[in-house]
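Taking it in order: structure first as C-alpha cells, then the write-up.
The values are calculated or read from the model by the stated rules, or taken from the named source; none is laboratory data. For clarity, every value in this text was computed on a predicted model and none was experimentally measured. We place every Cβ from the backbone using ideal geometry, glycine too, and count neighbours over all the protein chains shown.
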Amino acid sequence: MKFKTRVKRIKKRISKNFKIAGSRFKRLMILLGVGLLICIAAFFIYKAYLFNNSYDGLGKDETIPANPYDMERFTNDDNGYLSYADGKYDSFLVIDVSDHNGKIDWEKVKDSGVQGAMIRVGYRGWGTAEIVEDKYFQTNIAGAKAQGINVGVYFYSQATTPDEAIEEAEFVMDKIWGRGVNLPVAFDMEPFMGQERFAEHSTEQKTEMADAFLKVVKKFGYEGILYGNPTWLSNDVDMKKLAKYPIWLAHYTSSTDWPYEFRMWQFTSEGRVKGITGDVDLNLYFNKL
C-alpha cells in the first residue's frame with residue numbers, strides 16, 4: 001500500500017509540475033508574441049517616419065573649408081594609379097560606374113588595386129521625368145560587396161523642385177537600405193546638352209534641390225556628398241549654403257587648383273582598370289588620419 005501511495009504521489013507531483021511548466025511556457029510564448037508585434041509595429045512606424053519628408057528651406061551661410069592638400073604630395077602607387085599621403089591624410093582608389101560600363105568582373109577590379117566603387121543607383125529621365133533604376137545596379141553592388149570593395153552610390157538628378165529631389169533620395173534609400181553601403185551617397189545634378197529639366201532654374205533653386213536630397217540621406221544615417229565640377233560648384237549652387245556637405249570634385253587634371261576642401265576627387269574619365277572594358281572614371285577618396 002505504501003508503495004502504491006508513493007507512486008500516486010509522484011505521478012500527481014509530476015502532473016502538477018507539467019501543468020505549471022505548461023502554464024509558464026504559454027505565458028512566455030504570449031510575451032514573446034507581444035514583443036514581436038511591438039517590434040514589427042515599431043519598425044513600420046520608424047520606416048514611415050524615415051520616408052515622410054518635406055523640405056524646410058536653406059540654412060544660414062557657413063564658411064567653406066579650404067583645400068587642405070599639398071599638390072606636391074600626389075604620387076603614383078605600385079599599380080600606377082594616383083595616390084596621396086602627407087601624414088594628415090591618405091587616400092585610396094575609387095571607380096564610379098553605371099550601366100554604361102557594361103558587365104564588370106569585380107574580382108579583377110579588386111586585384112587591380114581598386115578599394116572603392118561609387119555605383120549609380122539610377123536616374124531621372126530628362127524627357128519623361130520618370131525615375132529609373134540603373135540596369136546594372138543590383139549586379140554591381142552585389143559584385144563589389146562580394147569582393148570586399150567599399151561601396152558608395154550616386155543618383156543622376158533631373159529634379160525641378162525640392163519635392164522631386166526628396167523623391168529621388170527616398171528612391172535611393174529604398175534601394176540601398178541594409179546593403180552595406182559604407183561610402184557616401186552622392187547627389188549628381190549635371191547639364192544635359194541644354195535639355196536638362198532645370199535649365200531655367202536659379203542658383204538658389206538648384207541649391208535647394210541639392211540640400212533637400214542630402215538632408216534625406218543624412219536622416220537615414222548615411223553621409224551625403226555633393227558631386228560637381230568647378231564650374232557647377234562655383235556658379236550653379238551656393239556653396240556657402242551647402243558647406244556642411246563634403247564635395248566630390250570632378251576636375252580632370254593632374255593637379256587641381258580648386259581652393260576648397262573635397263572628400264573625393266574624380267581626376268580622369270579615361271582610366272583603365274582590369275575587369276572593365278573601355279574607359280572608367282577614376283577617383284581618389286581622402287581619409288583624415
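Key figures for this structure:
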| read-out | value |
| --- | --- |
| Scan of the range 190-222 for residues that are under 16 Å from PRO246 (Cβ atoms), touching a strand residue (DSSP E or B) at 6+ places or on another chain (Cβ under 7 Å) and either aliphatic (A, V, I, L, M) or crowded, with 17+ Cβ neighbours inside 10 Å (or both), ordered by number | ALA210, PHE213, LEU214, VAL217, TYR222 |
| Residue within the range 240-249 that is surrounded by fewer than 19 Cβ atoms within 10 Å (Cβ to Cβ) and either more than 20 Å from the chain's Cα centre (by Cα) or not assigned by TED's automatic domain parsing to the domain that holds LEU82 (or both) present | yes |
| Boolean, ILE104 is of a type in the set (Val, Ile, Thr), in contact with a Leu (Cβ under 8 Å, 6 or more places away or on another chain) and either in the same structural domain as GLN266 (by TED's automatic domain parsing) or not in a loop (DSSP other than H, G, I, E, B) (or both) | no |
| Every residue from the range 152-169 that is in contact (Cβ under 8 Å) with a residue 60 or more places away in the chain and over 18 Å from TYR227 (Cα atoms) | ASP163 |
| Qualifying residue in the range 181-193 (condition: more than 22 Å from ASN52 (Cα to Cα), of a type in the set (Phe, Trp, Tyr) and in a loop (DSSP other than H, G, I, E, B)) | yes |
| Boolean, VAL132 is hydrophobic (A, V, I, L, M, F, W, C) and surrounded by 16 or more Cβ atoms within 10 Å (Cβ to Cβ) | no |
| Test result for GLY278, more than 25 Å from ASP105 (Cα to Cα) and small (Gly, Ala, Ser) | no |
| Neighbours by Cβ (under 7 Å, 6+ apart or cross-chain): first from the range 191-202, assigned by TED's automatic domain parsing to the domain that holds PRO230 and closer than 16 Å to PRO162 by Cβ; second β-branched (Val, Ile, Thr) and part of a loop (DSSP other than H, G, I, E, B) | ARG197/THR160; PHE198/THR160; HIS201/THR160 |
| Filter pass, TYR156 being part of a loop (DSSP other than H, G, I, E, B), within 18 Å of ASP96 (Cβ to Cβ) and either of a type in the set (Val, Ile, Thr) or modelled with pLDDT of 95 or more (or both) | no |
| GLU196 among the acidic types (Asp, Glu), outside any strand (DSSP E or B) and modelled with pLDDT under 95 | yes |
| Condition check for GLY87: in contact with a helix residue (DSSP H, G or I) (Cβ under 8 Å, 6 or more places away or on another chain), assigned by TED's automatic domain parsing to the domain that holds LEU282, at positive phi and surrounded by fewer than 21 Cβ atoms within 10 Å (Cβ to Cβ) | no |
| Selection within the range 258-274 - in contact (Cβ under 8 Å) with a residue 24 or more places away in the chain, of a type outside the set (Lys, Arg) and either in a loop (DSSP other than H, G, I, E, B) or surrounded by fewer than 18 Cβ atoms within 10 Å (Cβ to Cβ) (or both) | TRP258, PRO259, TYR260, GLU261, PHE262, VAL273 |
